[in-house]
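Following: one structure in structure tokens, then a few remarks.
The values are calculated or read from the model by the stated rules, or taken from the named source; none is laboratory data. Keep in mind the model is a prediction, meaning the values are calculated, not measured. Here the Cβ is made from the backbone with ideal geometry for all residues, glycine too, and neighbour counts use every protein chain on show. Quick note on the areas: whole protein, heavy atoms, side chains included, nothing else; ligands and nucleic acids left out. Shrake-Rupley method; radii C 1.70, N 1.55, O 1.52, S 1.80 Å.
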Amino acid sequence: MPGPDKETDLTERIEAFLFDLNRGGSGAGPLRGSAETARETTALLRRITAQARWSSAGDLMEIIRNEGRRMTAAQPSETTVGNMIRRVLKIIREEYARSRGSSEEADQQESLHKLLTSGGVSDENFRQPFAALKPNVIEAINELLTELEGTTDNIAMQALEHIHSNEVIMTIGRSRTVEAFLKDAARKRKFHVIVAECAPFCQGHEMATSLSKAGIETTVITDAAIFAVMSRVNKVIIGTQTVLANGGLRAVNGTHTLALAAKHHSTPLIVCAPMFKLSPQVRRLSFLSDFYRYCEILSKVNVHCPVFDYVPPELITLFISNIGGHAPSYIYRLMSELYHPEDHEL
Amino acid sequence: TDVIIESSVGYFTEGPERKDDIVKAKQEGKELTKEEKQRLRKEKKQQKKSKEKKDDKPSRDSEKEKKPASAASPAPQTPTQPPAQKAPSAAPAPVPVPASETPSAADKPAKSKAELKAERRARQEAERASKGKKGDVGPQAAPGKPKAPPSELQPVVKRLPEHVQVDNPEVLKKLAKKLERQQIPLRSDYGYKVSLFSHLHQYSRKAPLTQQLGIPSTVIHPAIVRLGLQYSQGIVAGSNARSVALLHAFKQVIRDYTTPPNEELSRDLVNRLKPYISFLNQCRPLSASMGNAIKYIKKEISNIPSQCKEEEAKRKLLNCIDCYINEKIVLAAKAIAKYSIEKISDGDVILVYGCSSLVNHILCEAFEKNRKFRVIVVDSRPRLEGREALRRLVQKGINCTYVLISAVSYILPEVSKVFLGAHALLANGYVMSRVGTSQIALVAKAFNVPVLVCCETYKFCERVQTDSFVSNELDDPDDLIVTRTGTTQLEHWQEVPSLGLLNLVYDVTPPDFVDLVITDLGMIPCTSVPVVLRVKNVDQ
């Protein structure tokens, strides 16, 4: 029978995805970039929308929220999963509102106008069933998927606006976005890249080999030499794992030191981050204890090996995303366009 | 002669008047004062020199153009000058500033006494220099005429050392010739050098200099060969360890030394040491502390009176070296530990970087005095010296934590103090230390954690430097290849044309990041380093 089969098929897929997320985080499975994670999450959500049983928008949102909670619990440090879920929830709300007939402009005025007049939570319960809701939502999710596929190219297209000839650019670790960005600029301009290797996993080595194969003059330095070399650097271009709501970053270990050194020499720090990395979290104080990898432990010694760093927004000069460049002080506004405030807590 | 001006040209123009005085004095039978005698001597020298200078003035000019860096210094001794001219030109060298002729002539009478004193000192320096330091690779105080106002400071303008002029082929040729004369093999550079550092050497650890020496080596003492190998392979590392090892090796050399007939010990021994120093320099560039130790030894040797018997002289020298080690390193460490323990309070969390013998000593002493604290050891690739420090501290029973340098901004909120060691303290207050030290100081400053640097006074150096590029050491680039998980991404980096690996050894920390420097003379701010240097110079 089609019904149960579809359901079991769906649950199987969800379980497989959760399993992958779990493995990917502990380093045992294949390391995947956040773009792939985002795409897979969105594809899975589309499948849920298509195959799960729901009658009204509220039901669908409930299902997605539940699945979303499980997914984020499987791998708390992979924030793109949560981001995609919130995007889809916002899509559902929008489609519902459009089906109901209220104009989109009224919705956008909500934030300032309704704050003064109503002051309360909107009493939408999303219970009204609409026939056209399902295909609309699926179409909107498809648009989201196309947007996701084009993010790296959109960012790379802006490279020539920011890199001039004979520059010395510094970067840290390995970011596919930055790699594409630099390779795109290298087609027309000649510049020099210094890569900090980012111990102990030394992803910087891969980045350097990849860049040098594209013909870019690359130098690998150790993390300890970042400040020593910074005086000769013109720009620092980095990728990040997450962009936080206040404009700060949660990036790979060593980025905070790099940002401080850049600030000291007044070197601009440019962050290449696609929009799906924007997360409504703010920095929690117990942030960094979420994700550790313990190295060789001698019996009497504590060893710490944090994987991520928090970088405050004052140290960042510019964000380059697939929709253009922004200052860190503008991030909160972008966030209100992508996510609905009620979805910030899943 | 119109371009080459000396401040003593004033003497020439006033010559006739002074000469009259002197002649008058002679005729009157008065004894010439010391100053007047000197003036006479000076004038004779000037006359001789002006004839020489007319000949090589055109060549001197063209060399000056080639070396804009040394034009800034008032006494350019361009390295391409043949060494034979060094002794005579060591006394007043020309100052290439044309405009100063009239003012110098005008205030000649006011300056003369102070200028005389300075000239006398300059000549003494020159004589000492020509005696002991001919052909020395290290920075040399080129005695130049002070055009400066009558201050008591000597003109200390150093000739640029060879190891930061690798991109100059003439300097390399000169070095090769010198090494050939001393029968020491020349070490060749290895691997692709990053363009920013093309002026420095980059050697490979797999090709030590000793492979090119014959056995037994007749020129170099075996203790020195062993020491050179230990340096180049990194077996002896750390500036205190290297200096002590050097001094012990020299003690062995002195014990085995016999004065050849018709030679004086004070001169011959110094000449014997020169090829050893070149050899060690080729194995690994000398550190500031080693340079100071060598200067001290050479001074002691040349001060041995000629009537001293060989056995007694050797005994004296060995005693001097022992005293030096005891005073400058062992006792200094005790004094510094005493001062530092005042700064460590109970409940402190202290951050240290890498393996500094002095900082380890301080922490062990503080622990023995029952201070309650815990230590965070920060380490960095590729040397991973922090593991050695960790081992030493854990053996003593100190509570330790270990992180890599990229985690410093994560762990700093817990830290109450940062203790750093130094390789050298420069005269402008910058601290030269292992690469990564400046980074730690920067992050500590951002978190408002006090930074204390511990350094003995024998590491103080008269050089000035503002960034980590102009003078540094490049270690073997292949060290960066091996990574922790065994993956070697960069194994074939030499085959990729646009890929370079950079393995810096030192960096300089600006004085605004450092809150306090603890030395054996007390606790001083970073900016007082030139004061200490001056006090030391006056003592000597």
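Here are some notes:
- Single match in B:Ile235, B:Ile294, B:Ile224, B:Ile277 (criterion: of a type in the set (Val, Ile, Thr), open to solvent by less than 10 Å² (accessible area, probe 1.4 Å) and in contact with a helix residue (DSSP H, G or I) (Cβ under 9 Å, 6 or more places away or on another chain)): B:Ile224
- Selected residue [within 12 Å of chain A (Cβ to nearest Cβ) and buried (at least 18 other Cβ atoms within 10 Å of the Cβ)] from B:Leu404, B:Leu384, B:Leu358, B:Leu351: B:Leu404
- Being among the basic types (Lys, Arg) and buried (at least 24 other Cβ atoms within 10 Å of the Cβ) is a property that does not hold for B:Arg392.
- The residue list B:Val449, B:Val403, B:Val418, B:Val464 contains one member that is closer than 21 Å to A:Gly254 by Cα, assigned to a loop (DSSP other than H, G, I, E, B), outside the structural domain of B:Ser195 (by the TED database) and not basic (Lys, Arg), which is B:Val449.
- Considering segment A:191-209, the residues that are within 7 Å of chain B (Cβ to nearest Cβ) and part of a helix (DSSP H, G or I) include one that is most open to solvent (accessible area, probe 1.4 Å), namely A:Glu206.
- Failed item in (1) assigned to a loop (DSSP other than H, G, I, E, B); (2) in the same structural domain as B:Glu365 (by the TED database), with B:Val349 passing the rest: (1)
- Figure legend. Inter-residue proximity from segment A:326-339: first residues closer than 23 Å to A:His162 by Cβ and of a type outside the set (S, T, N, Q), second residues surrounded by 14 or more Cβ atoms within 10 Å (Cβ to Cβ) and at pLDDT 90 or above, beta-carbon distance below 6 Å, spacing 6+ or different chains. Indicated pairs: A:His326/A:Phe319; A:Pro328/A:Gly247; A:Pro328/A:Pro313; A:Pro328/A:Ile316; A:Ile331/A:Gly247.
- Scoring A:Ile320 on the criteria (1) over 20 Å from B:Ser380 (Cβ atoms); (2) modelled with pLDDT under 85; (3) β-branched (Val, Ile, Thr) leaves a single failure, condition (2).
- Some residue of segment B:183-192 being within 30 Å of B:Ala313 (Cβ to Cβ), out of contact with any Pro (no Cβ under 6 Å at 6 or more places or on another chain) and surrounded by fewer than 19 Cβ atoms within 10 Å (Cβ to Cβ): yes
- Selected residue (criterion: nearest to the other protein chains (Cβ to nearest Cβ)) from residues of segment A:210-256 that are under 19 Å from B:Lys193 (Cβ atoms), of a type in the set (A, V, I, L, M, F, W, C) and assigned to a loop (DSSP other than H, G, I, E, B): A:Ile216
- Subset of segment A:260-270 [assigned to a helix (DSSP H, G or I) and more than 9 Å from chain B (Cβ to nearest Cβ)]: A:Ala262
- Residues located in segment A:141-181, provided they are part of a strand (DSSP E or B) and surrounded by fewer than 21 Cβ atoms within 10 Å (Cβ to Cβ): A:Val168
- The residues of segment A:231-280 that are at positive phi and touching a Pro at 6+ places or on another chain (Cβ under 9 Å) amount to a single one, A:Gly247.
- Scanning segment B:368-381 for residues that are surrounded by fewer than 22 Cβ atoms within 10 Å (Cβ to Cβ) and within 14 Å of chain A (Cβ to nearest Cβ) returns a single hit, B:Arg374.
- Check on B:Val470, assigned to a loop (DSSP other than H, G, I, E, B), more than 10 Å from chain A (Cβ to nearest Cβ), surrounded by fewer than 24 Cβ atoms within 10 Å (Cβ to Cβ) and touching a strand residue (DSSP E or B) at 6+ places or on another chain (Cβ under 9 Å): no
- When the residues of segment A:43-71 are filtered to those that are open to solvent by 30 Å² or more (accessible area, probe 1.4 Å), modelled with pLDDT of 85 or more and of a type outside the set (D, E, K, R), the one that is farthest from the chain's Cα centre (by Cα) is A:Gln51.
- Tally of residues being within 21 Å of A:Thr240 (Cα to Cα) and of a type in the set (D, E, K, R) across segment A:138-190: 9
Here's the yes/no breakdown for (1) facing chain A (nearest Cβ under 8 Å); (2) open to solvent by less than 10 Å² (accessible area, probe 1.4 Å); (3) over 23 Å from B:Ser198 (Cα atoms):
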| position | (1), (2), (3) |
| --- | --- |
| B:Pro450 | no, no, yes |
| B:Arg463 | no, no, no |
| B:Asp476 | no, yes, no |
| B:Leu480 | yes, yes, no |
| B:Thr488 | no, no, yes |
| B:His492 | no, no, no |
| B:Glu495 | no, no, no |
| B:Val505 | no, yes, no |
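- Any hit, segment B:518-532, residues being within 14 Å of chain A (Cβ to nearest Cβ), in contact (Cβ under 8 Å) with a residue 40 or more places away in the chain, open to solvent by less than 20 Å² (accessible area, probe 1.4 Å) and of a type outside the set (Val, Ile, Thr): no
- Residues that are buried (at least 24 other Cβ atoms within 10 Å of the Cβ) and in contact with a His (Cβ under 7 Å, 6 or more places away or on another chain), drawn from segment B:411-433: B:Met432, B:Ser433
- Checking A:His304, A:His326 one by one, the residue that is surrounded by 14 or more Cβ atoms within 10 Å (Cβ to Cβ) and at pLDDT 90 or above is A:His326 and no other.
- The number of residues in segment B:234-274 being over 18 Å from the mean Cα position of the chain (by Cα) and part of a helix (DSSP H, G or I) comes to 16.
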